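Visitor: Got a structure for you, questions after.
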Amino acid sequence: MAEVIEIYDHRLRALVRPDASLQKLANGAVHSEGPVYFHEDDSIVWSDAHGNRLLRWSASDGVKVLRDPSDYQSGNYRDLEGRLVACSSGKRAIMRREHDGEWRVLVDRYQGKRLNSPNDLVVKGDGTIWFTDPPYGLTEPNQGYGGEQEQDGCFVYRFDPATGEIDAVVTDRMRPNGLTFSPDERLLYVSDTSAFNIPHGDHDIRVYEVVNGRHVTNSRVFAVIEPGQPDGIRVDEHGNIFTSSEDSVQVYSPDGIRLGKILVPEISANLTFGGPGRDRLFITAGKSLYAIDLNTRGVQ
Ligand code: MG
């Protein structure tokens, strides 16, 4: 365990296995992001975000290409019907793969202006899609098709696919990137990666109280993440926060104490819980996909 896990707080021991090992499942991507788990066939779908492809891994089939090009798809999730929903950095939209396999744009505008380049998303228990909208598809040559920013800022939006209603719910972040709800959905965590290319930018996670299931209030810093930036974040059944960083996936207790690290040999970007027991953490890092079995389950 010593090579894989760094423990700073005894509470981490209950979450990791004594014989924990990090498995490399796949490589060959340009830049791996946005893993999402399919329990039906024990597979992972993830984005080769800079390679402009959508990939799938399973133990029996290995790696397969699902979309090429993928319009710089980044974050992936599943809706209440199990359909794949995704952030398209290239199309500047939230997309959904319908039951017949066709990809459909769900939303690409707010107040009549184009979105920046949606990066990551979660589906709330009421079916609404909450997503971040940093400008990386406009500013970074290998993350989108470029273009002008039309929005006044980089927000977190709440989109209701049932009604088409879209609201900017978080407006105090420079470069909102990853997000997750607490298990009871009363808290929303949003990471900011503005330190990536803005001097004195943020590399932290803020937490917000969710009001009436549709607004947020009382923003405060939950944790400052070092080294690197917190890109993707996920929560386990106990409310512990798992965040990517430059050297590891870091684990924080609900009260914001860093419990320890799962060391990853490439820079981790995103993560998701999966496996038949939802106790396997899949990590997209650099060119690769990794997994580690834990003693805690995701709520996703
Ligand atoms: Mg991201």
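Values in this text are rule-based calculations from the coordinates and carry no lab data. The shown structure was predicted, so the numbers you read here are calculated from the model rather than taken from an experiment. Reconstructed Cβ throughout: ideal geometry from the backbone, glycine too, with neighbour counts over all protein chains shown.
Visitor: Can you tell me which residue among T217, T243 is β-branched (V, I, T), within 16 Å of the chain's Cα centre (by Cα) and assigned to a strand (DSSP E or B)?
Guide: Numbers: T217 fails: within 16 Å of the chain's Cα centre (by Cα).
Within the list T217, T243, the selection yields T243.
Conditions tested, residue by residue: (1) of a type outside the set (K, R); (2) free of Cβ contacts under 8 Å to residues at least 24 places away in the same chain; (3) crowded, with 21+ Cβ neighbours inside 10 Å; (4) farther than 29 Å from T128 by Cβ.
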residue: I7; (1), (2), (3), (4): yes, no, no, yes
residue: V16; (1), (2), (3), (4): yes, no, yes, yes
residue: H31; (1), (2), (3), (4): yes, no, no, no
residue: D42; (1), (2), (3), (4): yes, no, no, no
residue: D48; (1), (2), (3), (4): yes, yes, yes, no
residue: L55; (1), (2), (3), (4): yes, no, yes, no
residue: D61; (1), (2), (3), (4): yes, yes, no, yes
residue: P69; (1), (2), (3), (4): yes, yes, no, no
residue: G75; (1), (2), (3), (4): yes, no, yes, no
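Visitor: For the subset of region 59-91 comprising residues that are part of a strand (DSSP E or B) and over 20 Å from the mean Cα position of the chain (by Cα), which member is farthest from the ligand (Cβ to nearest atom)?
Guide: Here the answer is G62.
Visitor: Out of the residues in region 259-293 that are out of contact with any His (no Cβ under 8 Å at 6 or more places or on another chain), closer than 14 Å to N76 by Cβ and not hydrophobic (A, V, I, L, M, F, W, C), state the one that is farthest from the ligand (Cβ to nearest atom).
Guide: T272
Visitor: A further question follows. Specify which of the listed residues (D120, D108) is surrounded by fewer than 23 Cβ atoms within 10 Å (Cβ to Cβ) and either under 15 Å from the mean Cα position of the chain (by Cα) or away from the ligand (no atom under 16 Å from the Cβ) (or both).
Guide: Criteria check complete, one pass: D108.
Visitor: So, one more: State the number of residues belonging to region 92-121 that are farther than 15 Å from P161 by Cβ and touching a Pro at 6+ places or on another chain (Cβ under 9 Å).
Guide: The qualifying residues number 5.
Visitor: Still on this structure, please answer the following. Could you tell me whether any residue of region 225-235 is in contact (Cβ under 8 Å) with a residue 60 or more places away in the chain, farther than 19 Å from A285 by Cβ and surrounded by 18 or more Cβ atoms within 10 Å (Cβ to Cβ)?
Guide: Among the residues of region 225-235, at least one is in contact (Cβ under 8 Å) with a residue 60 or more places away in the chain, farther than 19 Å from A285 by Cβ and surrounded by 18 or more Cβ atoms within 10 Å (Cβ to Cβ), which makes the answer yes.
Visitor: With the checklist (1) assigned to a loop (DSSP other than H, G, I, E, B); (2) closer than 18 Å to N52 by Cα; (3) in contact (Cβ under 8 Å) with a residue 60 or more places away in the chain in hand, flag the one item I94 doesn't pass.
Guide: Among (1) assigned to a loop (DSSP other than H, G, I, E, B); (2) closer than 18 Å to N52 by Cα; (3) in contact (Cβ under 8 Å) with a residue 60 or more places away in the chain, the lone unmet condition for I94 is (1).
Visitor: Of the residues that sit in region 166-197 and are part of a loop (DSSP other than H, G, I, E, B) and within 11 Å of the ligand (Cβ to nearest atom), which one is nearest to G213 (Cα to Cα)?
Guide: So the residue we want is R175.
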